[in-house]
Amino acid sequence: MHADLSPGEAPRHPRSRAPIHRRFRRPLFRTPHTMPRYDPKRIEPKWQAYWEQNETFRTPDFPQGPKLYVLDMFPYPSGEGLHVGHPEGYTATDITCRFARMRGQTVLHPMGWDAFGLPAEQHAIKTGTHPRETTYRNIATFRRQLKMLGFSYDWSRELATTDPDYFRWTQWIFLKLFDSWYDPEFGWTDHRGQARVGKGRPIAELPIPADIQAQGTDAVRRYQDRHRLAYQQEAPVNWCPALGTVLANEEVIDGKSERGSHPVVRIPLRQWMLRITAYAERLLSDLDHVAWPESIKLLQRNWIGRSEGAEVDFYIGTPGSPANAAGFAAWQTSRAASRFPLQPSEDVVRVYTTRPDTLYGATYMVLAPEHPFVDRLTTATQRSAVEAYRQQASMKSDLDRTDLAKEKTGVFTGSHALNPVNGQPVPIWIADYVLASYGTGAIMAVPAHDLRDWEFAVQFDLPIIPVVAPPEGYEHSRDELALERTVKGTVQRPFAGEGTAIHSDRYNGTPTAQFKKQITGELAERGLGRGAVNYRLRDWLFSRQHFWGEPFPIWHELDADGNPTGLMRTDAESELPVLLPEMRHFKPHGRPEPPLAEAPDEWRFQTAADGVRLARETNTMPQWAGSCWYYLRFIDPKNSQAFIDPAKEAAWMPVDLYIGGAEHAVLHLLYSRFWHKVLYDRGCVQGDEPFHRLVNQGMILGEAELTGYQRANGTWISARDIAPGQTDEGVIEKGTGQAVKPVSLAASQVTKKGGDFVLADQPEIIVESRSFKMSKSRGNVVNPDVVVDQYGADSLRLYEMFMGPLEATKPWSTTGVEGVSRFLARVWRSITDEQADEIRLHPGVQNVEPTPEQNRLLHKTIQAVTQDIENLSFNTAISRLMEFNNALASSEVRPRKIVEPFVLLLAPLAPHLAEELWQLLGHGKTLAYEPWPSFDPRLLVLAEVEIPVQIGGKMRGKVTVPTGADEATVLQAIHADSKLGGQLAGKQIVKTIFVPDRMVNLIVK
RNA sequence: GCGAGAGUGGCGGAAUUGGCAUACGCGCCAGACUUAGGAUCUGGUCCCGCAAGGGUUGAGGGUUCAAGUCCCUCCUCUCGCACCA
């Protein structure tokens, strides 16, 4: 896809050249004896061993003094090993932790492994290696790599989600979810003392309706099962018959399997669901209590997708007796008495709408193809068409169905419903643009005021009645204009905004907002509708058809024939963990069932004490499960009595700083918050939000690449003339549609012209310059092992922090690493004696008082570095340290009083080098708990300041005046200045803007 | 399409939140030490101009004594969502 050879240039490997030369040549050409140069290969393992042996970063069970819980999103230990993206966030947290320790905080900073997951299982299918083996081998690699980078984790708290000691409690939490129901009306007071309504409660407290009670214990159990936060439902899965396995959504691309491109069908399978929707409102409103980036909060808000509107019932008559005027009248009368029922009755289709004010414009209805009433509403003449349509729709995934580019499709059922406000019959259609899983799975279609309905109505020639007049001077949106049509010479357009009611009986003239409120109230009074809130958020599909996941602690009861009865039992808490069975073969067995269906019988079945045959649940939990609560277990990782000791939980939670990739902005963070809230409701934890402050580190891209484009005949073509996007064949020329070949170019072949890069010998050809996401296929992945080998861990850490703001996306640059590596070597040389044969202090490092200038710079640096680290602005902290070192290196005398604090300032960022220098300065133990240097603000003040002078808003010069000088003194200095005074001569100062110690602006005439 | 964020030297990026634009690093140029240098050190490096001076923060407009920073219009890029009634 990407040609690697640049014309006329020998192939070149960007990373391999310089360092090899340096390693071999430097000692050879050095002066006779080897000088004690900066040597990370010696220093770094030495201090890593020291920290490990002395348990320097071991965290006590309870904080002594102020606590700080700093957490990284723990990695999935892939077979590829650590990526340079990982150490970015990890370095940021490590700096924060080291800094906090020096400031006297007790820091909890743990690391672990999100170790269940598909790749290990796929590897097992291919090679027969047990996923456990692969996983623990990968973990060992990751652990080695992280230790090599010198992170100050408390490794005694390490955990993996695959450890039975860990997933024992994952299963335990599942049982809590299974044992809970959500009571939306329960009033209580939260830990902030605020009154709340709605809480997760023990299932034993679920009120059982009398009619259910009367049907016996099995009925009661089924009723309870329907209300649990963990419940079962038939849900479609991606079944690939050719591969004989069920696929995850991300393994399906365009309806075909990612591997092999085999067709994938959607078939319903019994699935576990978690009722996260019950917590939608709290997940939304509690975002106000956390210090997260607004953008992430917004993402979550959009994902939850709250909307307000109304539910309205449309009368359809009873099965066998379709809607008629008499039935409609009777229904209205009975509804006025009974009010609006919680569950829709058999004689209505219930719709959800955000625009109840457009009820008079509803000219048809649409049900989702899966709506339970479709069968009964389909008339004989329509039956075959409806069946065919439903069949077709069931094959499509949600993704296919929501493909916007497509025309709307649908089929008439043959039946009609009656509009509750005017009794008008409206035809009932089914169409896949209505989703079964949102709202009530049915809509009233108001084509005049909904773009989707408009499109559908035009497609199937259904009536369009405008019922809202746009406000005066309304300009139609681009989308509205795109759907414009002309009927008998009149232009018609949909209008989706708010305005004033027309063609709506006595409501005519009512503004939209008022109309909504009014009609919702009136419908409610007549028992025909009610105000309703809906969420885009769906319940969480919590089961996977995989082997390498947590087994569910659930048994299914079997009848005499060995068929499941639908009733369930749980494993007792004391029987946890439920371990995975020992299996040898991981190959798919060819049936749409989980691999665990092949487990040995002794794992699969048992007979309960009461003689009932039980079959174990064979689905496993998704990878999200283990990461939902790991932050809690880190606080008390070895506890065998409880998932966490409540006293420790109270002492350490919440997580004060959580850093990780933005790719988890929605799902992981939403799922964790949900579990935490359930645990909170059930009294297992004491706060309702787990992560106080969240920061997303940006992505690190590969090194910038210059790309030119060449036609088949070898002529160049400007990047401007390349069609946007790519096809399978590669890149296409805009005008001709001809395929062109991308060619990597060397920097020497390219120059800058205007805002573009162009070919040096053909300046009319524009070349593309950009960085790409690191990927194996592109070959631009940077391996941390290689970087550490060549430059050392401190250099890698420092470079990743120096690249730019933590949250920004930024390209890798090998020369940039060399730059920071040179800085560390300069620090080494400014404190050690490079002339000596052995390592010793630089002769300039003396026990003398610093000059006022040196002292001022030190205090300025302390102030700036302190602030920068607090703000996670590590790039500027590093540049401050560079400035300081530049000054230090250029002065003959380097007083200890400024060298020592400088080493301490460097310590969080480059801990190995700092420890080594600290030791060299004569200190006997680690600097990890040395007090952070403080600064004296009085020392920051200069005796004199240079003030910029503007005349008429333009910079004209500068004057030097005593600090704090008043306006008159400064003006005097300006007039005395030869240049400035001259410019003012003969002019009249109309106005003076004076900012003390900052600037002066003179307005002259 | 909708939502969010971002556009500053050859490159990564700074800029007391409206007050000296381009800190720091890379790269490049020159010099020093050298048999040699891709090590190290010194100096230079936004653009035009010999200079005086003028210009410059994606483009255009506005507010202000003063705009990279605030407001409006537009362009480009990145990320997220995408028939949610």
* **Filtered residues of region A:813-843 (kept if near RNA strand B (Cβ under 9 Å from one of its atoms) and open to solvent by 10 Å² or more (accessible area, probe 1.4 Å))** => A:S813, A:T814, A:T815, A:G816, A:E818, A:G819, A:S821, A:R822, A:A825, A:R826, A:R829, A:E834
* Structure fact -> Taking region A:187-201 and keeping only residues that are on the phi < 0 side of the Ramachandran plot and touching a strand residue (DSSP E or B) at 6+ places or on another chain (Cβ under 8 Å), one is left with A:G187, A:W188, A:T189, A:D190, A:A195, A:R196, A:V197, A:K199, A:G200, A:R201
* Residue, nearest to A:H109 (Cα to Cα), within region A:658-679, restricted to residues that are of a type in the set (A, V, I, L, M) and open to solvent by 10 Å² or more (accessible area, probe 1.4 Å) -> A:A662
* To do: Would you please list the contacts, defined by Cβ atoms under 6 Å and residues six or more apart or on different chains, that run from a residue in region A:985-1005 that is farther than 20 Å from A:D966 by Cβ to a residue that is within 12 Å of RNA strand B (Cβ to nearest atom) and open to solvent by 70 Å² or more (accessible area, probe 1.4 Å)?
  => A:K1005/A:V990
* Test A:I635 against the stated conditions and say whether it is of a type outside the set (S, T, Y), part of a loop (DSSP other than H, G, I, E, B) and within 24 Å of the chain's Cα centre (by Cα). => yes
* **For A:A793: the one exception among (1) open to solvent by less than 10 Å² (accessible area, probe 1.4 Å); (2) within 14 Å of RNA strand B (Cβ to nearest atom)** => (2)
* **Residues of region A:271-292 classified as surrounded by fewer than 16 Cβ atoms within 10 Å (Cβ to Cβ) and over 25 Å from A:W188 (Cα atoms), total** => 1
* Structure fact -> Per the filter on region A:517-545, residues touching a Gly at 6+ places or on another chain (Cβ under 9 Å), open to solvent by 30 Å² or more (accessible area, probe 1.4 Å) and assigned to a loop (DSSP other than H, G, I, E, B) are A:R536
* Boolean, A:A943 is away from RNA strand B (no atom under 14 Å from the Cβ), more than 52 Å from the chain's Cα centre (by Cα) and modelled with pLDDT under 85 -> no
* Structure fact -> (1) under 30 Å from A:A49 (Cα atoms); (2) more than 38 Å from the chain's Cα centre (by Cα); (3) within 13 Å of RNA strand B (Cβ to nearest atom); (4) not small (G, A, S) all hold for A:P901 apart from (3)
* Test for A:E234: is it among the acidic types (D, E), at pLDDT below 80 and open to solvent by 40 Å² or more (accessible area, probe 1.4 Å) -> no
* **Search result, residues across region A:452-478 that are aliphatic (A, V, I, L, M) and either part of a helix (DSSP H, G or I) or buried (at least 17 other Cβ atoms within 10 Å of the Cβ) (or both)** => A:A457, A:V458, A:L462, A:I464, A:I465, A:V467, A:V468
* To do: State which residue pairs qualify: first residue more than 16 Å from A:R829 (Cα to Cα) and inside region A:37-54, second residue among the aromatic types (F, W, Y) in any location, beta carbons under 8 Å apart, and separation of 6 or more residues or different chains.
  => A:W51/A:F57; A:E52/A:W155
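Matching residues to (1) assigned to a strand (DSSP E or B); (2) hydrophobic (A, V, I, L, M, F, W, C); (3) closer than 23 Å to A:K860 by Cα:
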residue: A:F902; (1), (2), (3): no, yes, yes
residue: A:L909; (1), (2), (3): no, yes, yes
residue: A:Q919; (1), (2), (3): no, no, no
residue: A:K925; (1), (2), (3): no, no, no
residue: A:L942; (1), (2), (3): no, yes, yes
residue: A:V949; (1), (2), (3): yes, yes, no
* To do: Run down A:R143, A:R132, A:R168, A:R101 and say which single residue is more than 25 Å from the chain's Cα centre (by Cα) and closer than 28 Å to A:E44 by Cα.
  => A:R101
* **Sole residue being in contact with a Gly (Cβ under 9 Å, 6 or more places away or on another chain), crowded, with 20+ Cβ neighbours inside 10 Å and polar (S, T, N, Q), chosen from A:T378, A:T363** => A:T378
* Structure fact -> If we ask which residues in region A:766-788 are farther than 17 Å from A:H86 by Cβ and away from RNA strand B (no atom under 16 Å from the Cβ), their number turns out to be 1
* Structure fact -> If we keep only residues of region A:963-1002 that are assigned to a strand (DSSP E or B) and open to solvent by 70 Å² or more (accessible area, probe 1.4 Å), then the residue nearest to RNA strand B (Cβ to nearest atom) is A:K991
* Test each condition in (1) within 16 Å of RNA strand B (Cβ to nearest atom); (2) farther than 23 Å from A:G792 by Cβ; (3) not aromatic (F, W, Y) for A:P895 and report the one that comes out false. => (1)
* Name the one entry in A:F935, A:F874 that is within 16 Å of RNA strand B (Cβ to nearest atom) and touching a Lys or Arg at 6+ places or on another chain (Cβ under 9 Å). => A:F935
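The values are calculated or read from the model by the stated rules, or taken from the named source; none is laboratory data. All figures in this text were calculated on a predicted structure; none of them were measured in a lab. Here Cβ is always computed from backbone atoms with ideal geometry, including for glycine, and neighbour counts include all displayed protein chains. The area values use the complete protein model at the heavy-atom level, side chains included, leaving out ligands, DNA and RNA. Shrake-Rupley method; radii C 1.70, N 1.55, O 1.52, S 1.80 Å.
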